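Notes follow once the structure below has been shown.
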Amino acid sequence: MECRHVSYHYPRQKSGLTALSGELPTGKITTIIGPNGAGKSTLLQLLARQLLPQSGEIRLADQPLTHWTTKQLAQRVAMVTQHHQLYDELTVQEVVAMGRLPYHSLWQTVPFHEVQPYLAQTGLLALADQFMQDLSGGQQQRAWLAAALAQEPAVLLLDEPTTYLDVHYQQTLMTQLQSLAAKGMTVVQVLHDINQAFQVSDWLWLLNDGRLAASGTPAQLRDPQLLERVFNTTVEVVTVPRFGPYIVQLPN
């Protein structure tokens with residue numbers, strides 16, 4: 001997946017993206033980081049074609065993203081967001097079955113055997129008949145991840161996927177994402193936890209004021225001067241036993 005001079009700005013707002021270009025490596029975890037208002041979530045929406053660039057283009061499999069029909073795109077790109085209140089009265093199984101709709105006709109019932117592997121993969125098999133409104137925030141997040149995986153996408157987009165997850169499930173999720181990437185899936189996520197981003201990612205995009213300030217491996221971007229300039233705060237990189245390099249924010 002690739003962005004070519006992509007720009008998007010909201011009416012009467014300064015936030016957005018300006019002439020952003022970069023390639024998201026296939027079969028790797030790319031994490032988008034940056035300060036609030038940098039354009040991280042806007043970029044994910046553009047990658048999912050929920051928004052259309054006002055200039056420039058996004059390409060998937062060397063085709064413009066607009067080339068694909070809605071059904072074709074849903075078979076190739078899946079996105080996990082944080083807000084799904086409209087689906088509170090659905091069961092977990094019904095939510096995950098929504099991920100199979102790109103492979104069925106509109107009125108065709110999705111059989112349980114197609115849903116079962118994704119419920120099992122996310123630890124939700126025992127909760128299949130529970131209503132979404134009766135689940136914890138973390139369980140709901142896992143249900144939407146299962147629905148995204150059920151789309152069998154080539155590209156998986158996640159906006160703050162660790163929100164509502166306890167430490168155990170955060171680690172489980174990141175291990176799952178690394179396994180998916182190892183099998184060839186392109187994973188693109190937005191994280192606010194910088195150290196988690198540097199720990200789990202193969203590649204990083206650092207956004208600032210709607211522009212791509214830097215991209216590269218965690219080792220390449222673990223530069224205090226770069227991070228201080230983008231986040232407007234003083235940082236120091238220290239070495240923590242059994243963890244490795246750790247970015248610490250210092251009092252200004």
- Item | Nonlocal amide H pairs with Asn208, under 5 Å, H built at 1.01 Å | Ala213
- Query: Can you give the calculated 222 nm mean residue ellipticity of the chain, where each DSSP H run of n ≥ 4 adds -39,500 (n - 2.57) and the sum is split over every residue, rounded to the nearest 500 deg cm²/dmol?
  - Reply: -9000 deg cm²/dmol
- Note on the structure: The exposure ranking of Met98, Met79, fewest beta-carbon neighbours within 10 Å first, is Met98, Met79
- Query: With a ≥ b ≥ c the root eigenvalues of the C-alpha gyration tensor of segment 191-252, is it rounded (a/c under 1.5), prolate (a/b larger than b/c) or oblate?
  - Reply: oblate
- Item | Which of Phe243, Phe198, Phe231 has the fewest Cβ neighbours within 10 Å, and the rest in rising order | Phe243, Phe231, Phe198
- Message: If the elastic network links every pair of Cα atoms under 10 Å, which of Thr30, Thr122, Thr233 fluctuates the most in the Gaussian network model of the chain?
- Response: Thr233
- Taking 7 Å along the Cα-to-C-beta vector as the label spot, tell me the Gln72-Glu57 distance in nanometres, rounded to one decimal. 1.3
- Specify, per residue and in Å³, the volume enclosed by the convex hull of the alpha carbon atoms belonging to segment 62-170. 115
- With the contact rule set at Cα under 8 Å and sequence spacing of 6 or more, what percent relative contact order holds for segment 2-224? 31
- Note on the structure: Semi-axes in Å, largest first, for segment 2-224 (Cα gyration tensor, √(5λ)) are 29, 20, 16
- Overall form of segment 1-55 per C-alpha gyration tensor (a/c, 1.5; a/b vs b/c): prolate
- Could you work out which residue, out of Tyr164, Tyr118, Tyr87, moves most in a Gaussian network model of the chain, that is, has the largest mean-square fluctuation with Cα springs under 10 Å? Tyr87
- Taking the Cα atoms of segment 142-252 alone, what are Rg (to one decimal) and Dmax (as a whole number) in Å? 15.2, 46
- Query: Hey, what angle do you get for helix 137-150 against the long axis of the chain, alpha-carbon based, 0 to 90 degrees rounded to 10?
  - Reply: 70
- Query: Which of Arg49, Arg242, Arg211 moves most in a GNM of the chain, Cα contacts under 10 Å?
  - Reply: Arg242
- Message: With 10 angstrom as the radius, rank His67, His113 by how many other C-beta atoms surround their C-beta, starting from the fewest.
- Response: His113, His67
- Roughly how tilted is helix 167-182, in degrees to the nearest 10 and between 0 and 90, from the longest Cα axis of the chain? 90
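Every number in this text was worked out from the coordinates using simple rules, so none of it is lab data. Treat the numbers as computed from the prediction; the structure is a model and nothing was measured. Methodologically, a virtual Cβ is constructed for each residue, glycine included, from the backbone with ideal geometry; neighbour enumeration extends over all protein chains shown.
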